[in-house]
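Trainee: This structure is in structure tokens; I'll ask about it shortly.
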2 protein chains.
Amino acid sequence: MIATPYLLYLGHSNDHAGIKTSRGLAVFRPEICVGEFRHDDCGLTLGLQRMDFATAVAAGARTLILGVANAGGTLGDDLVADAIAAMEAGLDIASGLHERLKDEPRLVEAARILGRKLHDVRDPQPGIPVGNGKPRAGNRLLTVGTDCSVGKMYTTLCLARGLAERGVKADFRATGQTGILVAGDGVPLDAVIADFISGAIEQLSPARNDGGWDLIEGQGSLFHPSFAGVSTGLLHGAQPDAIVLCHDPVRKHMRGLSHFPLPGLAETLEANIRVARLTNPDVRAVGIALNTSEMAEDKARALCARTADDFGLPCSDPYRFGVDAILDTLLTAPAKAGAKVTA
Amino acid sequence: MIATPYLLYLGHSNDHAGIKTSRGLAVFRPEICVGEFRHDDCGLTLGLQRMDFATAVAAGARTLILGVANAGGTLGDDLVADAIAAMEAGLDIASGLHERLKDEPRLVEAARILGRKLHDVRDPQPGIPVGNGKPRAGNRLLTVGTDCSVGKMYTTLCLARGLAERGVKADFRATGQTGILVAGDGVPLDAVIADFISGAIEQLSPARNDGGWDLIEGQGSLFHPSFAGVSTGLLHGAQPDAIVLCHDPVRKHMRGLSHFPLPGLAETLEANIRVARLTNPDVRAVGIALNTSEMAEDKARALCARTADDFGLPCSDPYRFGVDAILDTLLTAPAKAGAKVTA
């Protein structure tokens with residue numbers, strides 16, 4: 001187990017999307033976050049108190065969460081130096097980066113000498129099976145997206161809370177490092193061996209017979225040339241009854257790829273429904289989630305209304321405006337929803 | 001390096017598709033295969049001399065190739081016992097199974113005591129990058145399929161030989177354990193970490209400016225619910241200018257999944273073209289390859305002719321009838337080929 005509470009690392013980042021792990025914890029588990037660590041050239045904040053490592057330890061922090069990401073997930077020299085300083089001050093280290101703490105000799109040596117723990121939350125558990133695509137009992141919803149980092153985890157967590165508030169049993173199924181740190185459990189899907197992607201999701205979200213819902217956190221995008229394989233296996237393993245399409249309306253190009261434009265919403269819905277039908281022919285779209293955090297409220301509400309009208313699906317910013325309309329559609333009879341979406 | 005020549009293991013197998021690694025070596029590298037090992041309940045043969053381990057060693061064999069596969073790629077007790085007996089007789093062991101020789105304590109212990117080597121050809125090399133989808137120079141062909149084990153490696157190797165015979169530079173790019181053993185190089189794609197699937201193919205088949213072709217061995221199928229993520233990332237990483245669709249006309253259901261029917265050829269072509277266009281909008285289909293090994297020759301020729309007519313693409317069994325028509329289409333101007341295929 002990772003010792004709480006946490007100090008959240010922002011480092012030198014000026015990339016909003018790059019600090020999503022730190023931000024996700026601040027938003028969904030504020031009760032276990034004592035502060036944030038950032039260098040002077042970091043233009044971002046989570047609204048937590050800025051602390052150096054010694055101050056954080058004095059305030060009770062037990063673990064530094066390296067909640068930053070770059071394409072490839074590498075451990076740069078800056079990050080290594082900061083992690084060593086944090087251990088010297090008394091903190092354990094947890095990371096969701098692809099490059100593992102345990103594979104960096106300087107960190108392993110410092111942890112050994114100082115008696116600190118290194119946690120790599122991106123290491124999958126052993127024993128993941130090959131997927132079999134057999135229909136299984138239960139209700140499952142999967143969030144999908146036009147791109148990476150467009151709000152799939154937020155949307156999924158908001159839907160889980162919304163269902164619980166309506167008295168419907170609902171479990172959030174985490175597939176990324178932030179979700180795993182938030183939920184305390186899950187599978188770091190992008191670190192699973194390629195042949196086992198869909199099997200990992202079948203294992204994460206097994207048959208259920210209690211009438212409740214599994215709300216599965218989506219990853220990547222069918223239109224992201226780096227990660228579409230992950231998204232494809234996730235769709236097949238999830239066998240979703242319902243999908244919610246997530247999108248960032250101010251995103252200019254695919255994350256990390258300035259030469260790649262974003263796909264359209266209609267194209268993305270159609271492709272996801274088509275791929276999902278391989279393992280669940282009855283899949284339907286039940287809503288569109290927009291991340292409008294960069295937009296004024298009136299413009300954001302107008303965009304949601306226009307999008308809902310265009311697609312015949314409820315549309316909201318789940319974190320800002322709630323998920324009631326999407327849940328209404330989810331909980332009504334299948335034939336009544338998503339009528340305009342064909343594939 | 002793996003010591004040659006090889007003894008090819010068939011074990012207890014009665015599954016033609018399950019011994020494809022052993023068979024691929026016997027077909028494409030006969031000069032380094034001294035014999036085959038099979039138990040009395042094995043109904044298959046590669047046409048090589050049947051040998052026990054001692055006889056194989058006396059005939060010069062240096063390495064036993066565990067060229068059998070089952071879904072999940074596990075090392076059963078039978079396989080472990082045979083491998084230990086082979087090491088006792090004097091052979092090294094090479095395996096393409098998911099479950100690694102080096103992770104089986106009984107094998108590691110026996111190898112240590114006997115001074116034998118264990119080779120896991122499914123271990124990818126370190127340093128695979130995340131894919132970036134940037135257009136790169138060179139000509140690339142990828143084989144795709146309706147299912148796993150329908151002849152993608154055979155087709156790719158036949159095309160490489162055919163191009164070489166015409167004086168066109170051509171390199172076979174292996175993505176599976178058999179291909180790697182045949183070519184002496186490649187990436188075991190299904191063992192790559194999910195986030196790096198397309199990057200592995202970008203690395204395997206880098207930009208080339210000599211006018212030659214990279215012929216990339218396909219894996220899985222967009223319609224296989226266990227492995228479609230691998231196929232998707234492979235399509236995006238390959239940026240193929242040309243695809244050849246491979247199919248087994250007597251296959252009744254998706255490999256390993258008796259509840260899953262095979263997709264149609266038209267549906268498979270359309271889906272592959274659609275997915276491939278994300279990283280190469282100019283991709284075209286240049287042929288269909290049927291594995292007709294279970295059919296009489298006249299029926300096989302008739303089926304190829306009918307399929308060619310239905311799709312407006314050359315169709316052949318590459319191993320049985322050659323690849324001339326497919327190469328003619330490949331080497332002509334793009335606009336003239338695949339006119340009937342739209343997606």
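Trainee: About the Cα centre of the protein assembly as shown, what is the dipole size in debye to 20, counting +1 per Lys and Arg Cβ and -1 per Asp and Glu Cβ, all else neutral? Walk me through the numbers on the way to the answer.
Mentor: Numbers: 68 positive and 80 negative charges, 171 e Å.
Rounded to the nearest 20 debye, it is 820 debye.
Trainee: Enumerate the calculated ³J(HN,Hα) couplings along segment A:293-307 in order (Karplus 6.51 cos²θ - 1.76 cosθ + 1.60, θ = phi - 60°), each rounded to whole Hz, writing x wherever the residue is Gly or Pro.
Mentor: Per-residue couplings from phi come out as 4, 9, 10, 5, 4, 5, 5, 5, 5, 5, 5, 4, 5, 5, 5 Hz.
Trainee: Next question, about the same structure. Taking beta carbons within 10 Å but only from partner chains, what does the mean come to for residues B:187-194?
Mentor: Numbers: counts 0, 2, 3, 5, 4, 4, 9, 20.
So the per-residue partner count for this stretch is 6.
Trainee: Turning to a different aspect of this structure: From other protein chains only, count the Cβ atoms within 10 Å of every residue's Cβ in B:260-271, then give the mean.
Mentor: Values: counts 5, 0, 0, 1, 0, 0, 0, 0, 0, 0, 0, 3.
Taking the mean over all residues of the peptide, I get 1.
Trainee: Let me ask another. Among B:MET51, A:MET87, which comes first, second and so on when ranked by fewest other beta-carbon atoms within 10 Å? Provide the component values of the computation, followed by the final result.
Mentor: Working: B:MET51 19, A:MET87 22.
Least to most surrounded, the residues fall as B:MET51, A:MET87.
Trainee: If you don't mind, another one. Could you work out the mean count of beta carbons from other protein chains within 10 Å of each residue's beta carbon in B:195-204?
Mentor: Details: counts 17, 8, 9, 7, 4, 1, 0, 2, 0, 0.
Taking all residues of B:195-204 together, the mean is 5.
Trainee: Provide an ascending nm list, one decimal, of label-point separations from B:PRO281 to the equivalent residue in each further copy; define each label point as 7 Å from Cα along Cα→Cβ.
Mentor: Sorted ascending, the copy-to-copy spacings read 3.6 nm.
Trainee: What is the sum of charges, Lys and Arg at +1 and Asp and Glu at -1, for the other residues whose Cβ falls under 13 Å from the Cβ of B:ASP241? All intermediate terms of the calculation are to be shown ahead of the outcome.
Mentor: Working: positive: B:ARG136, B:ARG140, B:ARG208, B:ARG277, B:ARG284; negative: B:ASP214, B:ASP282.
Counting the neighbours of B:ASP241, the net charge comes to +3.
Trainee: Can you list the HN-Hα couplings for segment A:165-179, worked out from phi with the Karplus curve (6.51, -1.76, 1.60; θ = phi - 60°), rounded to whole Hz and with x for Gly and Pro?
Mentor: 5, 8, x, 9, 4, 8, 10, 6, 10, 7, 10, x, 4, 5, x
Trainee: Additional query: Could you compute the net charge surrounding A:GLU202? Neighbours are other residues with a C-beta less than 12 Å from the C-beta of A:GLU202; K and R count +1, D and E count -1.
Mentor: Working: positive: A:LYS134, A:ARG136, A:ARG140, A:ARG173; negative: A:ASP214.
Cβ neighbours under 12 Å give a net charge of +3.
Trainee: Next up: For the protein assembly as shown, what is the calculated [θ] at 222 nm in deg cm²/dmol (nearest 500), taking -39500 (n - 2.57) for each run of four or more DSSP H residues and dividing by its residue count?
Mentor: Values: 24 runs with 232 residues, N = 686.
Taken over the protein assembly as shown, the calculation gives -10000 deg cm²/dmol.
Trainee: A further question follows. Rounded, prolate or oblate for segment B:74-158? Axes are the square roots of the Cα gyration tensor eigenvalues, ordered a ≥ b ≥ c, and the cut-off for rounded is a/c under 1.5. Write down the numbers at each step before the final one.
Mentor: Values: a/c = 2.92, a/b = 2.03, b/c = 1.44.
Because a/c hits 1.5 or more and a/b exceeds b/c, segment B:74-158 counts as prolate.
Trainee: Moving on. Only Lys, Arg, Asp and Glu count, each charged at its Cβ (+1, +1, -1, -1), so figure out the dipole size of chain B about its Cα centre, rounded to 20 debye. Show your work: numbers first, answer last.
Mentor: Working: 34 positive and 40 negative charges, 158 e Å.
So the dipole magnitude of chain B works out to roughly 760 debye.
Trainee: Quick check: residue separation of A:GLU294 and A:ALA164 times 0.36 nm, minus the Cα distance between them. What number comes out in nm?
Mentor: Working: separation 130, 0.36 × 130 = 46.80 nm, distance 2.84 nm.
That pair, A:GLU294 and A:ALA164, stretches by 44.0 nm at full extension.
Trainee: Under a GNM of chain B (C-alpha, springs under 10 Å), which listed residue has the highest mean-square fluctuation: B:ALA164, B:ALA69, B:ALA200?
Mentor: With Cα springs under 10 Å in chain B, the top fluctuation among B:ALA164, B:ALA69, B:ALA200 is at B:ALA164.
Trainee: In the protein assembly as shown, with Lys and Arg counted as +1 and Asp and Glu as -1 at Cβ, which of these residues, A:TYR6, A:TYR154, A:VAL323, has the Cα nearest the positive end of the dipole, that is, farthest along it?
Mentor: Comparing the listed Cα positions along the dipole, A:VAL323 ranks first.
Trainee: Tell me, B:ASP328, B:ASP214 in order of fewest to most beta-carbon neighbours within 10 Å? Show your work: numbers first, answer last.
Mentor: Working: B:ASP328 14, B:ASP214 24.
Arranged by neighbour count, lowest to highest, B:ASP328, B:ASP214 become B:ASP328, B:ASP214.
Trainee: Which value, in debye to the nearest 20, describes the size of the charge dipole of segment A:139-336 about its Cα centre when Lys and Arg Cβ atoms bear +1, Asp and Glu Cβ atoms bear -1, and nothing else is charged? Write down the numbers at each step before the final one.
Mentor: Values: 18 positive and 23 negative charges, 25 e Å.
Dipole of segment A:139-336, to the nearest 20 debye: 120 debye.
Trainee: Along Cα→Cβ at 7 Å, what distances in nm separate the A:ARG29 label point from those on the other copies, shortest first?
Mentor: In ascending order, 4.8 nm.
Trainee: Taking the Cα centroid of segment B:121-164 and of segment A:70-128, what is the distance between the two, rounded to the nearest whole Å?
Mentor: Using only Cα atoms to place each centre, the spacing works out to 35 Å.
Trainee: Here's something else I'd like to know. With a/c under 1.5 counting as rounded, go ahead and sort segment B:139-336 into rounded, prolate or oblate using the C-alpha gyration tensor (a ≥ b ≥ c being the square roots of the eigenvalues; past the cut-off, prolate if a/b is larger than b/c, else oblate).
Mentor: Details: a/c = 1.43, a/b = 1.09, b/c = 1.31.
Rounded.
Trainee: Moving on to the next point. Could you please state, rounded to a whole Å, how far the C-alpha centre of segment A:201-242 is from the C-alpha centre of segment A:1-53?
Mentor: So the separation of the two Cα centres works out to 28 Å.
Trainee: Strictly over 25 Å apart at the Cα level, which of B:LYS20/B:LYS102; A:LYS134/B:LYS102; A:LYS134/B:LYS134; B:LYS169/B:LYS299; B:LYS102/B:LYS134 would you flag in this model? Before the final figure, lay out each step's value.
Mentor: Working: B:LYS20/B:LYS102 22 Å; A:LYS134/B:LYS102 32 Å; A:LYS134/B:LYS134 37 Å; B:LYS169/B:LYS299 34 Å; B:LYS102/B:LYS134 37 Å.
Over 25 Å Cα-Cα: A:LYS134/B:LYS102; A:LYS134/B:LYS134; B:LYS169/B:LYS299; B:LYS102/B:LYS134.
Trainee: Mind checking which of A:THR178, A:ILE201, A:ALA228 is farthest towards the positive end of segment A:146-235's charge dipole, using Cβ charges of +1 (Lys, Arg) and -1 (Asp, Glu) about the Cα centre?
Mentor: Farthest towards the positive pole: A:THR178.
Trainee: To the nearest whole percent, what portion of all C-alpha pairs in the protein assembly as shown is separated by more than 32 angstrom?
Mentor: Working: 127343 of 234955 pairs.
Distances greater than 32 Å cover 54 percent of the Cα pairs.
Trainee: Same structure, new question: So if R0 is 60 Å, what FRET efficiency would B:ARG29 and A:ASN209 give, r being the distance between their Cβ atoms, rounded to the nearest 0.05?
Mentor: Numbers: r = 52 Å, r/R0 = 0.87.
The calculated FRET efficiency here is 0.70.
Trainee: Could I ask something else about it? Based on the Cβ-Cβ distance of A:LEU114 and A:LEU303, what FRET efficiency does E = 1/(1 + (r/R0)^6) give at R0 = 51 Å, to the nearest 0.05?
Mentor: Details: r = 50 Å, r/R0 = 0.99.
E between A:LEU114 and A:LEU303, to the nearest 0.05, is 0.50.
Trainee: Which whole-number percentage describes the relative contact order of chain A, with Cα contacts under 8 Å and a sequence gap of 6 or more? Walk me through the numbers before you get to the answer.
Mentor: Numbers: 718 pairs, mean separation 49.2, N = 343.
Averaging sequence separation for qualifying contacts and normalising by length gives 14 percent for chain A.
Trainee: Within 10 Å of each residue's Cβ, count the other Cβ atoms and sort B:GLU217, A:GLU36 from fewest upward. Before the final figure, lay out each step's value.
Mentor: Details: B:GLU217 29, A:GLU36 26.
Ascending Cβ contact count within 10 Å gives the list A:GLU36, B:GLU217.
Trainee: In percent, how large is the relative contact order of segment A:194-343, given Cα pairs closer than 8 Å and 6 or more residues apart?
Mentor: Values: 197 pairs, mean separation 30.9, N = 150.
Once normalised by length, the contact order is 21 percent.
Taken together, the values in this text are just the output of simple stated rules run on the coordinates, not laboratory data. Here the structure is a predicted model, which is why all the values come from computation and not from measurement. Because the Cβ atoms are built from the backbone with ideal geometry, glycine has one as well, and the counts that use them run over all protein chains shown.
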